[in-house]
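Read-outs: derived from the displayed coordinates by stated rules, not from any lab. This is a predicted model, so every value here is computed, not measured. Here Cβ is always computed from backbone atoms with ideal geometry, including for glycine, and neighbour counts include all displayed protein chains.
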Amino acid sequence: MEALHENIPGHLVHPLNPSISVQTPGKPTFLFDSSFFVTMSSSLYQELLPQDQCTLPVVKRTLYFPYMFAGMFIFDRPSITSADLNAEMIGKACFICEQEEPSHPLGSVADTDCDCAKYGPRVTLNQSNGQRVLEHMGAHILYDITLSHSQEVCGLCLQPSPMCMLFLKSRHGASASCSMDIHKSTCANLIHFNYASAAHSSESSPCSNVPIPCPLCPKQSPAVWTYCLHMHFHERHKLASHTQYPINVQLPESEKEGMKKIWDTCFNA
């Protein structure tokens, strides 16, 4: 397979110990039985919970994935050709799980809904509104006393660094700004949001917590969330005082007050 995914929740992973084919010297490949794959896929699908829909990794179709029926066995062949691919696509994909019964757990949750990473089903987030998700997680970072305020956390899922790595890419044009590199970033709760709008605090949308490049880290390093900059400078770069920080990390009082209202509305109502 060409795709690589990191930091996938453990309960979504099922270890396998397949046989290995060495038809081509130096290029071992896995050998699976088709019926085994169908059974395993069905079993994993039935074990999914509604909240798992938000953390399932997305894998693009490639020359090697999904595996296709080809006689009795399925091969992962690095040397596959276009002719081989055309022949393979005549068969059925072994990794497709379709919902036949509306009572399946995944059928009861909207595609855009996801439980809060900290409080689970008690708080449901609408992932189609990225700014609201950022506000909710930002309120946790600023005011949740159960979180460690000496450790960087991800602004999308609250996992400690470096379990999630967010990368940015430059945009072109007159109003050029940064944007999230979705394909390079690793987080179970990756969502799309307007970076320029999210980085600006306003009365109606006070949160400005976005990933930004650290001016002290190497150029290709993961971005750092603005609400965690002071932790990053203190822990990663061993800067003891705010006066040593290369950029200002202090939030305006209006932003802190607005975020406190969001926290109180969610958890102190």
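Ordering THR265, CYS187, ASN209 by the projection of their Cα atoms onto the charge dipole of segment 113-267, which places +1 on the Cβ of Lys and Arg and -1 on the Cβ of Asp and Glu, puts CYS187 at the extreme positive end.
With q set to 0.15, 0.18, 0.22, 0.23 Å⁻¹, the log10 of I(q)/I(0) for segment 135-209, from the Debye formula over equal scatterers at the Cα positions, is -0.58, -0.82, -1.11, -1.17. Do any trypsin sites (Lys or Arg not before Pro) in segment 215-269 lie in a loop, going by DSSP, with at most 15 other beta-carbon atoms within 10 Å of their beta carbon, and if so which? Here the trypsin sites (Lys or Arg not before Pro) that fit, given the DSSP loop and packing criteria, are LYS219, ARG236, LYS238. Could you pull out the pairs from LYS169/LYS256; LYS60/LYS261; LYS60/LYS256; LYS27/LYS184; LYS60/LYS260; LYS60/LYS169 whose alpha carbons sit more than 31 Å apart here? Going by Cα-Cα distance, LYS60/LYS261; LYS60/LYS256; LYS60/LYS260 fall outside the 31 Å limit.
P(r) tail for segment 160-269: Cα pairs beyond 20 Å make up 50% of the total. Net length available on complete extension from HIS149 to HIS242 is 31.9 nm, with 0.36 nm assigned per residue and the Cα-Cα distance removed.
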